[in-house]
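> Below: one structure in structure tokens.
The values are calculated or read from the model by the stated rules, or taken from the named source; none is laboratory data. The structure presented is a predicted model; accordingly, all values stated were derived computationally and were not measured. Don't worry about glycine lacking a Cβ; one is built from the backbone with ideal geometry, like all the others, and counts go over all protein chains shown.
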Amino acid sequence: MQSDSIVFRGNLRQLLGNVESGEMIPKLQASHAPMCKFFTAYYVINGIRHVVPLVHGPTGCPLYMSDFVRTRECCEIRGVPLEPTACTSLDESNVIYGGEGKLLEAVKEAYAKYRPDLIVILSCCCSGIIGDDVENIAREAERTVGCRVLALRSEGFGGDFRSGYEDAFRLIMDLMEPPKTTMKGTVNILGARWGPTPTEFDWDLDEVERLLSEVGIRINAVIAGGCTVEQIKHAREVELNASWCYDWGQKLGDRMQERFGIPYSRTGQPYGLEATREWLLGIAGPLGLEKRALEVIERETRAVEADLAYLKGALEGKTAVIEISEFPGPIRALSLARMAEEFGARPVVVNVHPYTIKERMPSIQYILETGVNPEVILTRGLFHLGSFRSSKETEEELEAIVQGYDDVVFFGNSGRFPPCPVVNLTLMNPGFQPQYGFRGIRNIAALVRQALENKDLPRSRLFRGMLYGTRTK
Amino acid sequence: MEHGRSRRKTPEPEKCRDPYLRCAFHGAAQTALGVAGSALLAHSPQGCEYLVNNAFAWQACDYMEVITLCTKLCVDEIVHGGEELLERTILEAKDLPISALFVLSACGPEIVGDDIVAVCETLQPELKFRLIPIECAGFRGSQYDGIDIALDAMLKHLVNRSGEKIPNSVCLIAPHANANPTWIADLDWVKGVLAQMGIRVVATLTHRTPLAELEHAASAEASLLLSHDAGQKAADHLSAAHGIEQVCGGIPLPIGMTNTERWLTALGERFDAQKTAESMVVEGERMAMATCRRKWPMARFFYRTPAAIVADATVGIPLVRFVTEDMEMTPDLVALYTSQRSVRDLLERELDDLDLAPTVVYGTDVYRTRQALAETKPKVVFGSTIERHASEGLGVSHVVEVVKMMRQFRMIDREYFGYTGILDLFECVQNEWTMAWRSREKRYEARW
């Protein structure tokens with residue numbers, strides 16, 4: 001491919017260094033917008049049952065969450081009942097004169113209407129700039145209603161994607177009561193949120209719950225993946241915390257360890273045999289259940305022996321070009337890189353944006369510590385104006401990259417058309433979920449098989465034209 | 001049934017709401033995105049870009065043709081002002097192949113006082129495309145207010161003052177303030193009707209509208225508003241500033257037999273096309289009846305079944321007559337998202353004319369809707385995905401999802417307007433009826 005199309009070629013550690021030193025500016029171009037702090041804070045808070053997230057702002061911010069998260073994702077897909085996405089509907093007059101009085105009344109109304117277990121006031125840009133003291137209102141309101149009232153400063157401009165969920169998890173810790181007992185053999189799973197982003201689905205959560213159950217480990221709460229306030233109150237009574245998505249759970253795990261002394265199992269996402277084994281033993285070991293875990297691992301491994309053998313045979317000596325795009329997301333893509341290496345392939349990760357590196361820096365550093373340091377290529381198209389979906393330029397660059405390798409397999413999603421087998425790892429196809437754990441191995445083996453066996457079948461001109469316009473080469 | 005206006009209520013102003021409508025920023029974005037060959041720059045934190053993306057989908061934009069940008073304001077810009085960043089972003093976009101760049105300001109920059117109008121005026125000489133600032137912070141009102149704000153900016157910035165009137169011509173206004181998830185088909189139906197009557201569409205405000213069309217909007221003889229929720233201010237402006245009279249004002253949009261006939265007749269009378277209108281009515285009614293005769297709509301089994309309509313005024317008000325007359329159900333609840341005077345007047349006239357006295361909730365939110373459903377106990381609800389979930393446990397048998405695009409359940413745009421629209425609505429009822437009858441258990445297992 002044209003060398004002027006390559007902006008960066010090196011390994012993940014070097015890319016991280018370039019971002020840290022400021023050599024690669026971790027700012028997305030004008031048209032690429034990840035979620036703001038408010039959104040990710042809301043995602044986490046929404047993962048608690050019978051909570052009223054009370055948005056102190058105009059109607060635009062909560063309605064996105066109402067439509068997308070609560071009604072569509074939660075009610076339509078996950079069987080969660082419809083619960084409110086309340087807001088104070090700040091108007092021009094409130095912006096001028098302040099909205100604290102309205103907020104106090106709104107909390108009382110919210111309690112009277114919905115009888116929730118918890119009310120969380122979320123500030124957004126308006127209330128943040130005009131300086132409404134949401135914490136004080138929460139304290140005052142709590143004296144007059146029958147549930148806890150917390151406040152979270154979540155102004156959209158106030159931080160990045162990461163800061164929203166980290167602050168929300170920190171707030172949740174205020175609900176955790178001093179332990180009255182220790183629940184033997186019980187853990188919390190950290191880092192979930194519900195409704196989820198489309199990069200996160202509960203099949204994977206089901207798989208990790210199944211594996212823990214096989215070992216005899218109980219779960220107190222999946223925080224905050226549909227847990228109750230009562231479960232959160234008892235969260236300090238567990239023996240250990242574990243994350244199911246290291247990126248989102250790590251901060252809460254670290255903080256609970258620092259503040260409450262609860263040990264935290266640091267492991268990555270259980271993609272492939274080694275990572276799954278590590279994940280399970282990382283939890284079972286500290287609980288004294290290593291032997292049982294090894295028995296489960298042995299039994300489960302036997303059940304997927306044929307799939308493991310197939311994956312090794314199919315990927316050995318090949319180059320796995322892995323693209324970080326919408327599905328799977330960047331951390332999953334790096335977990336895939338580790339899995340590809342485990343099965344004998346050489347991973348090459350394409351187009352992980354410096355912004356992503358910056359906002360997920362702790363997770364990236366952890367991944368490097370575990371020895372995962374794949375080759376990374378960033379192309380020019382990644383930095384141009386245009387949305388992720390109109391990435392015609394990056395499609396052409398990807399096709400050129402793939403042509404530079406012999407015996408290459410593409411790991412990404414079927415929205416790409418490189419001239420090689422395409423392993424469709426989208427999370428939008430329920431037929432091949434979960435991707436975590438032993439069931440994940442079976443599904444990924446099936447996806448690799450269909451990619452390799454069908455590599456010569458014609459791709460859809462229709463879908464290609466839909467994504468990149470007609471008459472692309 | 002209890003009759004009388006006592007059952008028609010407007011909610012007391014509430015402090016805690018779970019509203020249906022988005023903010024003004026969203027509505028303005030929706031309107032700006034209807035201009036073809038343009039781009040939209042959200043001067044906002046990155047989260048507001050999601051509202052733009054949603055508006056993008058609602059306008060059925062093609063990302064190959066319409067580009068969206070965002071300044072992604074952070075704390076620095078809120079503290080020190082974001083005008084410099086706005087300037088830089090506009091200049092970054094200066095080589096885009098577009099005819100116009102709409103610059104929309106969100107809550108944050110408006111509160112801190114960023115002057116997007118001044119920035120646009122300063123940079124305009126350096127750019128090949130038009131810069132149109134739209135001050136539409138979310139706190140300025142609902143999405144319908146945002147539509148009015150954006151239309152106002154467009155009409156004042158872009159429409160040429162001079163130009164002769166084109167005989168038998170109209171300017172179409174704001175069809176996207178319409179919760180029909182395939183509203184584009186309503187617009188197409190209207191254009192088809194106008195073509196049949198020999199009426200020329202000078203400009204559409206806004207859907208895939210070239211900038212040149214907007215510039216010539218003042219040459220229309222009449223305006224035709226396709227929404228009961230937004231766009232009236234634009235019609236009034238066109239009338240006051242350009243002498244463009246509004247037609248078909250004050251009557252429900254053409255959903256159902258009577259509404260369609262009334263609307264077509266009014267249009268025909270204004271443009272001296274009565275005969276065409278009459279033949280469209282005759283042929284349309286014949287087609288709808290013949291189709292029903294062949295297909296047997298299950299809606300006929302709902303005779304006088306208590307029903308609820310939860311919708312925007314654009315779809316909700318015409319549905320009242322359609323549900324009552326054509327489907328023979330009885331509306332016991334009408335809950336509308338909006339509450340402006342024109343909406344109230346129109347609905348009240350319809351209810352009086354039909355001699356109906358349902359519970360009416362203006363400016364409803366999800367909580368109010370749930371309460372009203374619990375009180376009125378309808379068996380059929382015409383609404384959205386929200387009501388499907390909000391009516392759980394209340395004894396509602398069927399929720400016919402006809403409004404609000406929460407999920408894309410149709411690939412082909414199908415109108416609600418006109419005679420095919422009647423059949424499309426029947427189809428929605430048909431599908432819901434079928435799903436409700438589907439057995440959820442098997443009595444025994446098959447052997448194969």
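> Here's a check for you: in the range A:59-81, which residue that is surrounded by fewer than 22 Cβ atoms within 10 Å (Cβ to Cβ) and not in a helix (DSSP H, G or I) is nearest to the other protein chains (Cβ to nearest Cβ)?
Among them, the one singled out is A:P81.
> What number goes with the only condition from (1) in a loop (DSSP other than H, G, I, E, B); (2) small (G, A, S); (3) modelled with pLDDT of 95 or more that B:S439 does not pass?
Among (1) in a loop (DSSP other than H, G, I, E, B); (2) small (G, A, S); (3) modelled with pLDDT of 95 or more, the lone unmet condition for B:S439 is (3).
> While we're here: Suppose we keep only residues that are out of contact with any Lys or Arg (no Cβ under 6 Å at 6 or more places or on another chain) and part of a loop (DSSP other than H, G, I, E, B) within the range A:146-156. Which one would you say is nearest to A:V229 (Cα to Cα)?
Filtering first and then ranking leaves A:C147.
> What tally of residues in the range A:15-56 results from selecting those that are touching a Phe, Trp or Tyr at 6+ places or on another chain (Cβ under 8 Å) and either more than 30 Å from A:V222 (Cβ to Cβ) or within 14 Å of chain B (Cβ to nearest Cβ) (or both)?
21
Residue-by-condition table, conditions (1) at pLDDT below 95; (2) within 20 Å of A:C420 (Cβ to Cβ); (3) crowded, with 17+ Cβ neighbours inside 10 Å:
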position	(1), (2), (3)
A:A309	no, no, no
A:T319	no, yes, yes
A:G329	yes, no, yes
A:R332	yes, no, yes
A:I357	yes, no, yes
A:M361	yes, no, no
A:H384	yes, no, no
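> Out of A:L398, A:L378, which single residue is in a helix (DSSP H, G or I), touching a strand residue (DSSP E or B) at 6+ places or on another chain (Cβ under 7 Å) and either surrounded by fewer than 20 Cβ atoms within 10 Å (Cβ to Cβ) or not β-branched (V, I, T) (or both)?
Numbers: A:L378 fails: in a helix (DSSP H, G or I).
None of the others qualify; the one that does is A:L398.
> With respect to B:D95, is the statement that it is surrounded by fewer than 24 Cβ atoms within 10 Å (Cβ to Cβ) and of a type in the set (D, E) true?
Details: surrounded by fewer than 24 Cβ atoms within 10 Å (Cβ to Cβ): yes; of a type in the set (D, E): yes.
In short, yes.
> What are the residue pairs meeting all of these: first residue in the range B:372-399, first residue more than 23 Å from B:N178 (Cβ to Cβ) and in contact (Cβ under 8 Å) with a residue 60 or more places away in the chain, second residue among the acidic types (D, E) and not in a helix (DSSP H, G or I), Cβ atoms under 7 Å, and 6 or more apart or on different chains?
Listed by first residue and then by second, the contacts come to B:T376/B:D332; B:P378/B:D332.
> Considering only the range A:339-353, state which residues are in a helix (DSSP H, G or I) and surrounded by fewer than 23 Cβ atoms within 10 Å (Cβ to Cβ).
Listed by number, the residues that qualify are A:E341, A:E342.
> Among the candidates A:G185, A:G261, A:G216, A:G225, which residue alone is within 21 Å of the chain's Cα centre (by Cα) and not hydrophobic (A, V, I, L, M, F, W, C)?
On the way: A:G185 fails: within 21 Å of the chain's Cα centre (by Cα); A:G261 fails: within 21 Å of the chain's Cα centre (by Cα); A:G216 fails: within 21 Å of the chain's Cα centre (by Cα).
Step by step, each of A:G185, A:G261, A:G216, A:G225 is checked, and only A:G225 is within 21 Å of the chain's Cα centre (by Cα) and not hydrophobic (A, V, I, L, M, F, W, C).
> Please go through the range B:400-430 and pick out each residue that is closer than 17 Å to B:N180 by Cα and part of a helix (DSSP H, G or I).
Correct list: B:G418, B:Y419, B:T420, B:G421, B:I422, B:L423, B:D424, B:L425, B:F426, B:E427, B:C428, B:V429.
> Now for a different question. Quick one: count up the residues across the range A:256-282 that are of a type outside the set (K, R), under 25 Å from A:L171 (Cα atoms), in a helix (DSSP H, G or I) and in contact (Cβ under 8 Å) with a residue 12 or more places away in the chain.
3
> Something else about it: Going by the conditions given, is B:L101 more than 10 Å from chain A (Cβ to nearest Cβ) and in a strand (DSSP E or B)? Show your work before the answer.
Details: more than 10 Å from chain A (Cβ to nearest Cβ): yes; in a strand (DSSP E or B): yes.
Criteria met by B:L101.
> What single numbered condition from (1) surrounded by fewer than 18 Cβ atoms within 10 Å (Cβ to Cβ); (2) within 25 Å of A:G249 (Cβ to Cβ); (3) in contact with a helix residue (DSSP H, G or I) (Cβ under 9 Å, 6 or more places away or on another chain) fails to hold for A:L427?
(1)
> For the range B:304-352, how many residues are of a type in the set (K, R) and in contact (Cβ under 8 Å) with a residue 40 or more places away in the chain? Steps first, please.
Taking the range B:304-352 first, the residues of a type in the set (K, R) are B:304, B:321, B:341, B:344, B:349.
The next check asks that each one be in contact (Cβ under 8 Å) with a residue 40 or more places away in the chain; those that pass are B:321.
Number of matching residues: 1.
> Residues that are more than 14 Å from chain A (Cβ to nearest Cβ), at least 2 per element: which helices (runs of 4 or more DSSP H) completely within the range B:300-391 meet that?
Values: elements: B:313-321, B:341-354, B:366-376, B:385-390.
Where helices (runs of 4 or more DSSP H) fall fully within the range B:300-391 and carry at least 2 residues being more than 14 Å from chain A (Cβ to nearest Cβ), they are B:313-321, B:341-354, B:366-376.
> Considering only strands (runs of 3 or more DSSP E) fully contained in the range B:190-274, which possess at least 3 residues that are within 21 Å of the chain's Cα centre (by Cα), buried (at least 20 other Cβ atoms within 10 Å of the Cβ) and aliphatic (A, V, I, L, M)? Walk me through it before giving the result.
Working: elements: B:200-205, B:222-225, B:245-247.
Answer list for the range B:190-274: B:200-205, B:222-225.
> Could I ask something else about it? Out of everything in the range A:243-255 that is touching a Leu at 6+ places or on another chain (Cβ under 7 Å) and outside any helix (DSSP H, G or I), what residue ends up being surrounded by the most Cβ atoms within 10 Å (Cβ to Cβ)?
Within the range A:243-255, the subset touching a Leu at 6+ places or on another chain (Cβ under 7 Å) is A:243-244, A:249, A:252-253.
Applying the additional criterion that residues be outside any helix (DSSP H, G or I) yields A:243-244.
Numbers: A:S243: 27, A:W244: 23.
Here the answer is A:S243.
> Is it the case that some residue within the range A:86-93 is free of Cβ contacts under 8 Å to residues at least 60 places away in the same chain, assigned to a strand (DSSP E or B), buried (at least 23 other Cβ atoms within 10 Å of the Cβ) and of a type outside the set (K, R)?
Taking the range A:86-93 first, the residues free of Cβ contacts under 8 Å to residues at least 60 places away in the same chain are A:86-93.
If we keep only those that are assigned to a strand (DSSP E or B) too, we end up with A:86-87.
From what's left, buried (at least 23 other Cβ atoms within 10 Å of the Cβ): A:86-87.
Restricting the remaining residues to those that are of a type outside the set (K, R) gives A:86-87.
Within the range A:86-93 (the criterion being free of Cβ contacts under 8 Å to residues at least 60 places away in the same chain, assigned to a strand (DSSP E or B), buried (at least 23 other Cβ atoms within 10 Å of the Cβ) and of a type outside the set (K, R)), the answer is yes, since at least one residue qualifies.
Per-residue answers, yes or no, for (1) modelled with pLDDT of 95 or more; (2) of a type outside the set (G, A, S):
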| position | (1), (2) |
| --- | --- |
| B:A106 | yes, no |
| B:V112 | yes, yes |
| B:E121 | yes, yes |
| B:L127 | yes, yes |
| B:R161 | no, yes |
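> Return the residues of the range A:95-113 that are more than 7 Å from chain B (Cβ to nearest Cβ) and in a helix (DSSP H, G or I); say none if nothing qualifies. Show your work before the answer.
Just the residues of the range A:95-113 that are more than 7 Å from chain B (Cβ to nearest Cβ), to begin with: A:96-101, A:103-104, A:107-108, A:111-112.
A:I96, A:Y97, A:E100, A:G101, A:L103, A:L104, A:V107, A:K108, A:Y111, A:A112 - these are the residues of the range A:95-113 that are more than 7 Å from chain B (Cβ to nearest Cβ) and in a helix (DSSP H, G or I).
> Further question: Could you please find all residues in the range B:35-84 being farther than 26 Å from A:T470 by Cβ, in contact (Cβ under 8 Å) with a residue 60 or more places away in the chain and more than 10 Å from chain A (Cβ to nearest Cβ)?
Of everything in the range B:35-84, just one residue is farther than 26 Å from A:T470 by Cβ, in contact (Cβ under 8 Å) with a residue 60 or more places away in the chain and more than 10 Å from chain A (Cβ to nearest Cβ), namely B:H43.
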